[in-house]
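> Sending over a structure as structure tokens; questions will come in a sec.
The values are calculated or read from the model by the stated rules, or taken from the named source; none is laboratory data. Because the structure is predicted, anything quoted here is derived from the model rather than measured. Neighbour counts run over all protein chains shown; Cβ positions are idealised from the backbone, glycine included. Surface accessibility is based on the protein's heavy atoms, side chains included, excluding ligands, DNA and RNA. Shrake-Rupley method; radii C 1.70, N 1.55, O 1.52, S 1.80 Å.
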Amino acid sequence: MPYNHGISILENPTSIEQPVETLSAVQVVFGTAPVNLAADSTSKVDKPILLRSLEEAKKHFGYSNDFKKFTLCEAMFVNFEVLKVSPLVFVNVLDPKIHKKNVSDASITITNKTGVINQEGIILDSLVVKDSTGVTTYVKNTDYIAGFNNDGKVVISILSNTTVISSVKVDYDQLDPSMVKESEIIGGYDATDNSYSGLELTKTIFPTLNVVPNILLAPGYSHIPEVAAVLVAKSYKINGCFNATNVIDLSGKTKEEALTFKEDNHFVDKSSISCWPKVKIGKKVINYSTVVASAYARRNADDDGISYRSASNMKVPISSMVNEDGNEVFLDQVEANVLNAKGVVTAINMRGWRIWGNNTAMFDADIPIIADPKDRFIPVRRMFDWWGNSFIQNFFDSLDGPISYRLIESIVDSENIRSNGFQASGVIAGAKIEFRTIDNPINNILSGKIQFIQKVGFFAPAEEIVNVLEFDPTILEASLTGGE
């Protein structure tokens, strides 16, 4: 060991906040990614991949700041960089073998033996480099090398030392996300090769990744009525047992257009959180569904994985709201409440930007008959889903065991102990599970079926707080007279 005499300085690397994990609010995001930047682009098509960091996401899918073309990158940015939450499941439907266009004889200027193709999405293996006349084809790794820079654009470096090259012509295939059809987001099942695609892949996530899909979204596509309808359908009875929330966007340049769009396209399901308008984070335009979904995941993470609190009134680091044309949208609390009253979640700027809205897409203040709190309030609806999903996982090992008093007692005792713990910590108002004879006739028991009933009390959000002010002249009089 060296002998030291004096003062020395050591430096630690800067501590950067890492995404917090919550497995009870796993988002499943369907969309498009710049897979040309991935090591094996074709294996990243219609395959759910569980990711915990931006570095992992870039490795598997690439990354681009062009969120309009590459919608999965929007979710990467919001979750990993802004709200710091993980993990997420990403499903890319952009196929580099299909969704591409060919570019021929593009002229590229060479300076100091280097040129840049100022385009994203280039499939590197398809690149052909020729001389400025387009007649002579250069040989890769002999005459030139090519690779991606940090912006995802191809850099061509000339290797020849004998010839001065001022320009080249290139041919290449380029990803074209505009070719992705809504039917490819929706996907389906192909019996010929037993394969799944698009939203149909939801059913493969738990068996293959061992996480329950909790929040489904397809930013950039969920405003399409057919896509939204399938998102709703896939939120129920996943793998025959689990339920999820879906987060969708509404189209419309104004709040009136958004409400008309919602009504005309029947975006009214209790499993849906409908969002309007878009938002900006810095200069980036973001689909609001991405922010709201991430906010609910972050809230779950902060609450030990329990879905009991609403994300409404939660501060989010957005810069402004914009419509689909990019024009800024201003809503005060009164106007935002008009949207809330029709089951739309929006945002307001009240000493900082906040998510605003507690109601599922089902809610309509003008039709109070459907205002069942378990279907109206987002946190209550999500608690029902979370509670049911947890019960299934907690007692799945009890299936196929003998129907005995011990089995029944273990389920009742375990659930009541769990409920009492949640009640004591203020997560729920209370819950109680029972095994009743009336629900379990002997024929059912002989058929291998037992049934419990569990009464639960979940807290509704404090959506309205009223303080009634009244002027009291006697207080004024006492002040002026000294109380005499």
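> Within region 249-266, how many residues turn out to be under 18 Å from Ser222 (Cβ atoms) and of a type in the set (Val, Ile, Thr)?
Total meeting the criteria: 1.
> Ok, one more. Which strands (runs of 3 or more DSSP E) sit wholly inside region 194-282 and have at least 3 residues that are open to solvent by 30 Å² or more (accessible area, probe 1.4 Å)?
By residue number, 195-197.
> Can you find even one residue in region 114-122 that is in a strand (DSSP E or B), in contact with a Phe, Trp or Tyr (Cβ under 7 Å, 6 or more places away or on another chain) and in contact (Cβ under 8 Å) with a residue 24 or more places away in the chain?
For region 114-122, residues in a strand (DSSP E or B), in contact with a Phe, Trp or Tyr (Cβ under 7 Å, 6 or more places away or on another chain) and in contact (Cβ under 8 Å) with a residue 24 or more places away in the chain: present.
> I would also like to ask the following. I'm trying to understand the selection: among the residues of region 154-173, which are under 45 Å from the mean Cα position of the chain (by Cα) and open to solvent by less than 50 Å² (accessible area, probe 1.4 Å)?
Selection gives Val154, Val155, Ile156, Ser157, Ile158, Ser167, Val168, Val170, Asp171, Tyr172, Asp173.
> I need the full set of residues from region 314-336 which are within 28 Å of Gly426 (Cβ to Cβ) and crowded, with 16+ Cβ neighbours inside 10 Å, in order please.
If the condition is that a residue be within 28 Å of Gly426 (Cβ to Cβ) and crowded, with 16+ Cβ neighbours inside 10 Å, then Met314, Val316 are the ones that fit.
> If you don't mind, another one. Since Ile475 meets every condition but one in (1) more than 24 Å from Ser310 (Cα to Cα); (2) surrounded by 14 or more Cβ atoms within 10 Å (Cβ to Cβ), which condition does it not meet?
(2)
> Now, a different point. Which of the residues spanning region 187-213 are of a type in the set (Val, Ile, Thr) and within 30 Å of Glu21 (Cβ to Cβ)?
Thr202, Thr204, Ile205, Thr208, Val211, Val212
> Kindly indicate which of Ala365, Ala361 is open to solvent by less than 30 Å² (accessible area, probe 1.4 Å) and either among the basic types (Lys, Arg) or part of a loop (DSSP other than H, G, I, E, B) (or both). Give the steps one after another, and end with the answer.
Details: Ala365 fails: open to solvent by less than 30 Å² (accessible area, probe 1.4 Å).
Matching residue, one of Ala365, Ala361: Ala361.
> Suppose we keep only residues that are touching a residue at least 40 places away in the same chain (Cβ under 8 Å) and not aliphatic (A, V, I, L, M) within region 283-295. Which one would you say is most open to solvent (accessible area, probe 1.4 Å)?
Taking region 283-295 first, the residues touching a residue at least 40 places away in the same chain (Cβ under 8 Å) are 284-295.
From what is left, the residues that are not aliphatic (A, V, I, L, M) are 284, 287-290, 294.
On the way: Lys284: 60, Asn287: 17, Tyr288: 1, Ser289: 0, Thr290: 1, Ser294: 0 Å².
That would be Lys284.
> Tell me yes or no: at least one residue of region 296-310 is part of a strand (DSSP E or B), open to solvent by 10 Å² or more (accessible area, probe 1.4 Å), more than 22 Å from Thr71 (Cβ to Cβ) and free of Cβ contacts under 8 Å to residues at least 60 places away in the same chain.
Checked against the condition, which is being part of a strand (DSSP E or B), open to solvent by 10 Å² or more (accessible area, probe 1.4 Å), more than 22 Å from Thr71 (Cβ to Cβ) and free of Cβ contacts under 8 Å to residues at least 60 places away in the same chain, region 296-310 yields no hits at all.
> If only one of Lys47, Lys59, Lys69 is assigned to a helix (DSSP H, G or I) and of a type in the set (Lys, Arg), which one is it?
Numbers: Lys47 fails: assigned to a helix (DSSP H, G or I); Lys69 fails: assigned to a helix (DSSP H, G or I).
When all the criteria are applied, what remains is Lys59.
> Do we have Asn92 as in contact with a Lys or Arg (Cβ under 8 Å, 6 or more places away or on another chain) and either modelled with pLDDT of 95 or more or charged (D, E, K, R) (or both) here? So that I can check it myself, show each step before the final result.
On the way: in contact with a Lys or Arg (Cβ under 8 Å, 6 or more places away or on another chain): yes; either modelled with pLDDT of 95 or more or charged (D, E, K, R) (or both): yes.
Yes.
> Let me ask you something else. Looking only at region 420-472, count how many residues are open to solvent by less than 80 Å² (accessible area, probe 1.4 Å), farther than 30 Å from Ala311 by Cβ and of a type in the set (S, T, N, Q).
Residues meeting the conditions: 3.
> Okay, moving on. Given the conditions (1) at pLDDT below 95; (2) in contact with a helix residue (DSSP H, G or I) (Cβ under 6 Å, 6 or more places away or on another chain), and given that Ile123 satisfies all but one, which numbered condition is not satisfied?
Here Ile123 clears every test but (1).
> Sort out which residues of region 368-403 are among the acidic types (Asp, Glu), part of a helix (DSSP H, G or I) and without any contact (Cβ under 8 Å) to a residue 60 or more places away in the chain, and write them in order of number.
Result: Asp397, single match.
> Checking Leu127 against (1) part of a strand (DSSP E or B); (2) open to solvent by 80 Å² or more (accessible area, probe 1.4 Å); (3) over 12 Å from Leu175 (Cα atoms); (4) not small (Gly, Ala, Ser), only one condition comes out false. Which one?
Among (1) part of a strand (DSSP E or B); (2) open to solvent by 80 Å² or more (accessible area, probe 1.4 Å); (3) over 12 Å from Leu175 (Cα atoms); (4) not small (Gly, Ala, Ser), Leu127 violates only (2).
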